[in-house]
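Values in this text are rule-based calculations from the coordinates and carry no lab data. All values derive from a computational prediction rather than experimental measurement. Glycine also receives a Cβ, built like all others from the backbone with ideal geometry; neighbour counts cover every protein chain displayed.
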Amino acid sequence: MQVCGIFGRVLGILWFCGILCGYQLSGDVDLSHLSTYKQLLQLTGSQETAVLPRVRTTRVPTSRKTAVKTNTGRLKTATIYDLPNEIVLKIFGYLSIGELLSVAQVCHLWHQLSSDNLLWKPLLQACVPSQTVSQQLGDLKSSNLKSSFMQRCIELRNKRVLRLLKKKNPYTGVIHCKDVENAFKFAGISWQIVMTDKSGNEHCLQNQDISYHLMSVSVRWFSLQMIAVSNVKKISLYSCNPLFHDSKTGKVVSNGPYHRSLLYSMDQKLSLALDKLKPVGSDENLKVFALEDGIIIGVWKEGGEIAFIAIASGLPGLVKKCIMGTASKMYQPPKEKISACLPESTYGLYGYSCTIQLRTMKQEIWDQQFNNVECPNSNIRNGIAQFHLMKETDRQILQKELAFPWKTDAFKSKIKDVCCLDVLLTDNEGQVVWNCSSAVSVKKEGSLKFTFDMDFDYCREQSRCIEYSDQKGQIFIQIDKDEDKTYITHIALSVLMEMLPTQGNDISSSGV
């Protein structure tokens with residue numbers, strides 16, 4: 001639709017220029033009411049003013065098929081391709097960057113003309129700081145200024161964005177959520193969900209809500225334009241990153257182009273994926289499912305249509321994933337050689353820190369950081385290290401109810417015993433070992449259960465737990481009640497030894 005709109009705008013300008021050159025171009029657009037070039041520019045949205053040039057024209061009778069007589073005596077229908085390239089280039093000079101890239105998709109001729117260096121040189125001067133314009137022009141390849149210019153703008157944008165992420169949160173040890181928010185706003189990054197139906201049609205939806213938390217970001221789509229689950233063949237999640245910024249203000253160029261970076265892709269049918277999963281929660285209206293990589297999908301019980309889509313994504317490496325990926329491939333950070341930080345293997349692992357948060361899509365419910373977490377050799381089995389974060393005499397009170405509020409354009413409610421879980425485990429050098437963000441359920445029975453002889457009188461019949469696991473780690477949280485208060489009484493976290501920046505092979509080979 002955007003290309004068609006720009007095509008109509010350019011066609012109108014070309015039509016008028018064709019009249020000036022003595023042609024009556026064929027088409028469905030009637031511009032006979034335009035008497036001056038100034039009116040034409042006002043119609044097309046240009047701020048330029050011009051005087052109608054004096055051109056001698058020959059009036060050609062109008063008919064259903066206006067023809068121009070050729071030297072051979074045959075009649076030829078005049079089209080926009082009969083205009084000189086110089087006139088087309090002059091008209092392209094009034095277009096914005098986004099429109100210029102769009103008209104390049106109309107035909108091969110327009111693709112060549114829209115890539116002319118004369119069009120892209122002033123755009124470079126507008127998007128690159130003035131003190132480096134001459135250097136930029138000297139470094140860029142003169143044969144293809146358009147491609148080199150776009151690549152240079154991407155590099156400049158990424159450099160500016162990453163410059164905002166140098167500070168770390170002293171509490172969590174990773175990048176601060178405020179810095180991530182500032183980087184997203186500066187870069188103009190938005191999120192797009194693309195659902196492909198069985199007919200191959202893509203349904204694209206821009207994010208309607210975004211929230212920043214201590215260790216993660218929550219993004220939501222709750223439009224009424226959702227389709228039925230049975231009709232979704234593929235789901236892809238992208239970040240949309242504007243390419244150009246104004247050199248003076250630093251703001252994103254309005255209506256400019258952007259490139260998409262793939263963040264998540266599910267190639268199988270959504271209905272098959274949900275059939276394999278158990279809902280994390282439900283109410284009288286819908287069911288909520290938690291997919292991998294923090295994807296949360298709400299499905300109406302009646303009709304089977306998608307009610308909302310949300311994502312919970314951890315902060316470590318998120319900005320680089322958004323700006324450095326491509327539309328077909330997710331960004332993969334380079335593998336770094338990590339030095340061993342494990343002490344003598346006779347003791348085990350120590351000096352780790354773990355931060356855990358339970359929250360909704362908007363607000364915090366509970367969070368706690370556990371420092372100097374240890375894992376003795378007796379808790380390392382089959383290549384898995386298990387950390388017990390709480391002592392027998394410790395307990396953490398839950399002040400708020402564990403619930404998951406949801407909303408659409410028309411309805412809103414909340415589901416009890418469902419929340420979002422964020423986990424961040426770092427070693428004694430501050431390196432991220434494991435982090436996860438996902439929707440979880442509070443259930444009565446779990447794979448683990450811890451009972452201790454303590455002075456607390458818990459009602460074991462009301463004991464509940466939260467469990468989450470992925471390919472890298474697993475966490476178990478036990479919740480008990482004492483009178484009218486709810487407490488977290490034990491937390492066990494397990495990670496693969498290969499995820500730890502330690503000499504895990506030395507421990508496992510020692511017979512433990």
What does the convex hull of the Cα atoms come to per residue for region 348-508, in Å³? 126 Å³
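Find the Cα radius of gyration of region 177-324, compare it with 2.2 N^0.38 Å by division, and give the number to two decimals.
1.11
I need the peptides 358-366, 287-295, 419-427 ranked by packing, meaning the mean over residues of other C-beta atoms within 10 angstrom, with the highest value on top.
419-427, 287-295, 358-366
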Long pairs among Lys269/Lys400; Lys185/Lys412; Lys167/Lys251; Lys301/Lys481; Lys414/Lys481, criterion Cα-Cα beyond 30 Å: Lys269/Lys400; Lys301/Lys481
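Just to confirm a number: summing +1 for Lys and Arg and -1 for Asp and Glu over residues other than Lys362 whose beta-carbon lies under 15 angstrom from that of Lys362, what do you get?
Computed value for this residue: 0.
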As a footprinting exposure proxy, order Lys301, Lys166 by other Cβ within 10 Å, with the fewest listed first. Lys166, Lys301
Using the Karplus equation 6.51 cos²θ - 1.76 cosθ + 1.60 (θ = phi - 60°), what ³J(HN,Hα) coupling, rounded to whole Hz, does each residue of region 417-423 give in order, writing x for Gly and Pro? 6, 9, 7, 9, 10, 10, 10
Highest mean first, how do 112-120, 212-220 rank when packing is the count of other Cβ atoms within 10 Å averaged over residues? 212-220, 112-120
